[in-house]
Amino acid sequence: MSSVNTISQPVKVSPYQSLLKRLNEAADILNLEDRFRAVLSVPEKIVEVNMPVKLDNGKTEVFNGYRVVNSTVLGPSKGGIRYSEHVDKDEVMALAGWMTLKCSIAGLPYGGAKGGITLDPKKYSVDELERLTRAYTRRLKDVFGVDSDVPAPDMNTGGREMAWIADEYSRFYGNQPGVITGKPLELGGSQGRSAATGRGVMTTAMCAMKELGWNPRNVTAAVQGFGNVGSFGAVLLWEKGVKILAISDISGGYFNEAGLDIKGAFEYAAKNGSLAGWTGGTAISNAELLELDVMLLAPCAMENQITQANAANIKAKLMVEGANGPVSADADAILDSKGIMIVPDILANAGGVTVSYLEWVQNRAGHYWTESEVNEKADPMLERAFAEVFKAHKDYKCSMRLAAYVVGIKRVASAVKLKGNY
């Protein structure tokens, strides 16, 4: 079988147009007034920055970065910062819009934002990445703030980068740990944050299986993406008894009809940085993984992995979107016609921002919880969010995706109305 990697070569579909298409469809269901559509359809702020950084070889390179604040209607904007060669304004605008809806659905006192820098981080040293991260922070120090805009990790960033941002920000405004989440524990991070997004995938998948009447021990699954989200999601589903037949990452896919040793794969990837060289399954491509005959498919890699071009080939009956925007808008109707239940990204991967919120609360209170206490708070929040979306799905007789948009839009529109006319 081929080992072609579709994760690094996403289909060129505008994520922001996908967001707007779905937003308008949900607004039609709600008969939303034009003024609310106008507010929801554009970001509050788009900041584009250029950062000259001295490289280790003495040369200077100028990097392009973004921070998009989609909404602050419900509270400070919240959203991650990603490092990727695919980062552009359209992508960041879409991700920020999804964050607004995600926070609304989860019932968090946040609006939405997203940031990113256009580069392949693997091509730069740790020192170069630190200088770049600090330069980005300096450019955006007047945007970030505990009560204004709170960043977090995203693709190719983690606790290390958040520590650099927190330290650089403190040079201007003093120590304010709540200005950023996803920090190392030593700097005010939260227990359970690393696994939070993957845990949300598992939690919402279990809710969906219950509604479908499925016994997790009889469920077969494939997980695309084995980074922070996919790896923890796969392990936690596996621990619930789900038989995972295939996983994949940047190195390609791995398949075993009898089920993979997910714990072994997790340990291997943690030690080696990827699944490359793992011998626990037969090699398949990411494209082939998506089309496997499994009950549950969890796309946890990048946006636009399922489009009009391959949607008809999807065989799973339940899809839980760990990635942001893994299904393009032009594929929705095809998947809906096949009777596939989709737990959309703005619900399925809300575990990360939910625990980020709990980290922010702990920072502000100066009191910290154990991992079990964090999970005891976060899991019911996601279960309530799923129940609300599922109820809207039944009440409005629409797809789960549109139901999630309906729930998210209603809360934001209500807040706009309560704050008065513009």
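General observations
- Qualifying residue in the range 56-63 (condition: open to solvent by less than 30 Å² (accessible area, probe 1.4 Å) and modelled with pLDDT of 90 or more): yes
- When LYS114, LYS123 are screened for being open to solvent by 40 Å² or more (accessible area, probe 1.4 Å) and among the charged types (D, E, K, R), only LYS123 passes.
- Only residues that are more than 15 Å from LEU187 (Cα to Cα) and buried (at least 17 other Cβ atoms within 10 Å of the Cβ) were counted in the range 152-177, giving 4.
Each row is one residue, and each column tells you yes or no for (1) within 29 Å of LYS59 (Cβ to Cβ); (2) in contact with a helix residue (DSSP H, G or I) (Cβ under 8 Å, 6 or more places away or on another chain); (3) not charged (D, E, K, R).
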| position | (1), (2), (3) |
| --- | --- |
| GLY79 | no, yes, yes |
| HIS86 | yes, no, yes |
| LEU101 | no, yes, yes |
| ILE117 | yes, yes, yes |
| SER125 | yes, no, yes |
| VAL146 | no, yes, yes |
| ALA152 | no, yes, yes |
| ALA163 | yes, yes, yes |
| GLY174 | no, no, yes |
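- Whichever residue in the range 250-270 is modelled with pLDDT under 95 and of a type outside the set (A, V, I, L, M) and, among such residues, is least open to solvent (accessible area, probe 1.4 Å): GLY252
- Inclusion of LEU245 among residues that are assigned to a loop (DSSP other than H, G, I, E, B) and open to solvent by less than 20 Å² (accessible area, probe 1.4 Å) is not warranted.
- Members of the range 338-388 found to be more than 18 Å from the chain's Cα centre (by Cα), aliphatic (A, V, I, L, M) and under 26 Å from LEU402 (Cβ atoms), listed by number: ILE340, MET341, ALA387
- Scanning the range 392-420 for residues that are without any contact (Cβ under 8 Å) to a residue 12 or more places away in the chain and surrounded by fewer than 18 Cβ atoms within 10 Å (Cβ to Cβ), we see that the one that is farthest from ALA205 (Cα to Cα) is GLY420.
- Residue match in the range 210-222 (condition: in contact with a Pro (Cβ under 8 Å, 6 or more places away or on another chain), of a type in the set (Gly, Ala, Ser) and crowded, with 23+ Cβ neighbours inside 10 Å): no
The values are calculated or read from the model by the stated rules, or taken from the named source; none is laboratory data. These figures come from a predicted structure and were not determined experimentally. A quick note on method: Cβ atoms are made from the backbone with ideal geometry, for glycine too, and the neighbour counts reach across all protein chains shown. What goes into the accessible areas is simple: the full protein's heavy atoms, side chains included, and nothing from ligands, DNA or RNA. Shrake-Rupley method; radii C 1.70, N 1.55, O 1.52, S 1.80 Å.
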